Structure formats: structure tokens, C-alpha cells
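The values are calculated or read from the model by the stated rules, or taken from the named source; none is laboratory data. Note that the coordinates shown come from a computational prediction; the quantities given were computed from them, not determined experimentally. Here the Cβ positions follow ideal geometry from the backbone for every residue, glycine too, while neighbour counts run over all protein chains shown. Quick note on the areas: whole protein, heavy atoms, side chains included, nothing else; ligands and nucleic acids left out. Shrake-Rupley method; radii C 1.70, N 1.55, O 1.52, S 1.80 Å.
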Amino acid sequence: MRPARARWLCVLLAVAPAAATGQTRADSAAARARVSLRPLASLAVPGVGQLLAHEDRAAVYFAAELYTLNRYLALRSAGRHDAQRFRSLAYQVARRGYATVPRDTVFEYYEQMERFVQSGAFDTDPGAGVAPETDPRTYNGSIWLLARRTYWQNPDSAPPPTSQEYQRALQFYEARAVGPAFLWSWQNADLEWQEYRATIAHSDNAFRRAQNELGLLLANHIVSTIDALVSARLAALARRPASLETWISPHLAWRVTVAF
């Protein structure tokens with residue numbers, strides 16, 4: 001063989017493995033991109049990763065997502081409807097005569113309206129200063145009893161009004177008792193009170209069940225993502241190429257790639 005032809009053959013043998021290696025790396029990068037795409041797609045919308053892999057179980061994730069989402073929205077709507085209903089009952093019945101305009105507040109206020117027939121007065125003395133409600137059967141009266149038990153040595157024996165323990169109890173009462181704008185009474189309205197308590201229970205239950213459905217939605221996303229990730233990795237491993245190397249000389253390797 002002439003020296004020139006021998007040199008050209010060596011060049012070709014050197015270039016071919018490099019080209020094959022470059023193609024293998026490109027295929028590997030594309031495979032990694034496919035492995036990453038499916039889990040991300042399933043994380044966004046359950047079933048999409050399986051759909052990209054042409055897997056029939058994509059329909060299962062789609063159906064679970066639609067059903068659970070529909071249940072969540074329906075329960076949220078029912079909870080809001082019942083919440084509006086018990087607020088209306090509170091204003092139209094229990095707060096009638098106390099509030100001139102409907103004013104909303106924290107949910108704990110409506111919970112206390114379940115427990116106590118009456119809020120009691122905030123200030124029982126029209127004179128200067130605040131004279132707390134003393135009837136413990138009312139909400140404000142129960143707050144004043146708690147304040148006395150917390151700060152007085154004897155809750156049934158009042159210290160001087162100017163004393164530190166009396167003032168601390170009064171501050172406790174003023175911070176927690178219901179003010180004039182939010183007083184209530186279910187007196188002579190037992191049927192409405194029963195409906196109020198049933199409605200607030202229905203609202204709580206609907207919102208609680210909606211939270212459970214939200215957890216199922218999240219679980220569907222996570223399971224679909226894990227499924228897509230495992231499936232994509234297994235598929236990538238099944239298509240991984242095998243390599244066969246043949247040494248022509250100590251300084252030159254010829255690689256033949258066989259895919260299976």
C-alpha cells in the first residue's frame with residue numbers, strides 16, 4: 001500500500017469514531033430531555049407525561065383529576081353558600097336591634113354565637129368607665145369570669161377598682177369581650193338558632209371535605225409525576241446502546257455502536 005493511501009485510511013479511521021461518539025452523545029442528550037419532560041408535564045397536568053409516552057393509563061390520571069377538581073369546586077361553593085346563609089341569619093335574627101348595618105368579622109365570633117344564647121352587655125353602667133357583664137351564662141359574662149379567675153385572688157371578691165389586679169382583669173375583658181356593634185341574642189328564636197347551628201356545621205363540613213379533595217388533587221399530581229419519571233427512566237435504560245471497541249493499534253480505536 002502506498003504511503004499516501006495509508007495516511008488517508010488512518011485519517012478516516014480516526015474521524016469515524018469521533019463522529020459516532022458525537023452522534024451517541026446527541027442521542028443521549030435527547031433521551032435525557034425526554035426523561036425530564038414527561039415528569040414535568042405530569043406535575044403540571046396529571047396524565048400528560050403518560051400521554052407523551054403513549055400509555056393507556058394517562059386516561060386514569062385525567063379522569064381522577066377532573067373528578068377530584070369538580071368535587072373540590074362543588075364543595076367550596078357549597079361551603080361559601082352556607083357561610084353566607086349563617087351570616088345572614090346572625091344579622092337578621094340575633095343581631096337585629098343591635099347592628100344598624102351588617103358588619104362581618106372573624107369566624108370565631110360566629111362560633112361563639114353557637115355556644116351562647118346571648119352575648120350580654122359590654123358595659124352595664126352608662127356612667128364613666130366600663131362595668132363588665134356579670135352574668136356568666138352570656139359570652140361577655142363568661143369572659144369577665146375568666147378575667148377574674150385569672151387576675152384576682154378571689155374571683156368572687158372584687159379588689160379596689162384602682163388596684164393593679166382589677167385593672168389587668170378589666171384590660172383582659174375589654175380586649176376579648178364583644179363590643180356594642182356586635183352584640184347578639186337568640187332569645188325567643190330557638191328555631192332560628194337551631195337552623196344557624198346546623199348551617200354553620202354544614203359549612204364547616206363542606207370546607208373540610210374540600211380540603212380533603214385538595215389533598216387528593218395534590219396526590220394525583222405527585223403519583224403521576226413519579227409514574228412518568230420511573231416509566232421514562234426504564235424506557236431510557238431499555239434503549240441504551242451497547243458499545244464494541246476494536247483496537248487497530250495502540251494509538252487508534254475503532255468503535256462500533258449497536259443499539260438494542
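What to note about this one:
- The set of residues in segment 205-225 being among the charged types (D, E, K, R) and more than 12 Å from residue 69 (Cα to Cα) consists of 208, 209.
- Boolean, residue 88 is open to solvent by 20 Å² or more (accessible area, probe 1.4 Å), within 24 Å of the chain's Cα centre (by Cα) and at pLDDT 90 or above: no
- For residue 201, the test of being modelled with pLDDT of 95 or more, in a helix (DSSP H, G or I) and either among the charged types (D, E, K, R) or surrounded by 15 or more Cβ atoms within 10 Å (Cβ to Cβ) (or both) is failed.
- The single condition among (1) more than 16 Å from residue 196 (Cβ to Cβ); (2) hydroxyl-bearing (Ser, Thr, Tyr); (3) under 34 Å from the mean Cα position of the chain (by Cα) that residue 110 does not meet is (1).
- Residue 72 out of contact with any His (no Cβ under 9 Å at 6 or more places or on another chain), open to solvent by 30 Å² or more (accessible area, probe 1.4 Å) and either in contact (Cβ under 8 Å) with a residue 12 or more places away in the chain or under 25 Å from residue 208 (Cα atoms) (or both): yes
- In segment 136-162, the residue that is most open to solvent (accessible area, probe 1.4 Å) out of those that are polar (S, T, N, Q), more than 18 Å from residue 117 (Cα to Cα) and not in a helix (DSSP H, G or I) is 153.
- Checked against the criterion of being of a type in the set (Asp, Glu), part of a helix (DSSP H, G or I) and free of Cβ contacts under 8 Å to residues at least 24 places away in the same chain, segment 208-229 has no qualifying residue.
- Put simply, of 238, 177, 232 the only residue that is hydrophobic (A, V, I, L, M, F, W, C) and modelled with pLDDT of 95 or more is 177.
- Within segment 53-65, tally of residues that are part of a helix (DSSP H, G or I), surrounded by fewer than 20 Cβ atoms within 10 Å (Cβ to Cβ) and in contact (Cβ under 8 Å) with a residue 40 or more places away in the chain: 2
- The listed residue being in a loop (DSSP other than H, G, I, E, B) and surrounded by 15 or more Cβ atoms within 10 Å (Cβ to Cβ), out of 165, 133: 133
- Members of segment 91-107 that are surrounded by fewer than 16 Cβ atoms within 10 Å (Cβ to Cβ), aromatic (Phe, Trp, Tyr) and more than 21 Å from the chain's Cα centre (by Cα): 98
- Number of positions in segment 50-73 that are of a type in the set (Lys, Arg) and modelled with pLDDT of 95 or more: 1
- Unique match (being closer than 19 Å to residue 201 by Cα and touching a residue at least 12 places away in the same chain (Cβ under 8 Å)) among 85, 95, 103: 85
- Counting the residues of segment 133-159 that are under 11 Å from residue 173 (Cβ atoms), touching a helix residue (DSSP H, G or I) at 6+ places or on another chain (Cβ under 9 Å) and not polar (S, T, N, Q) gives 7.
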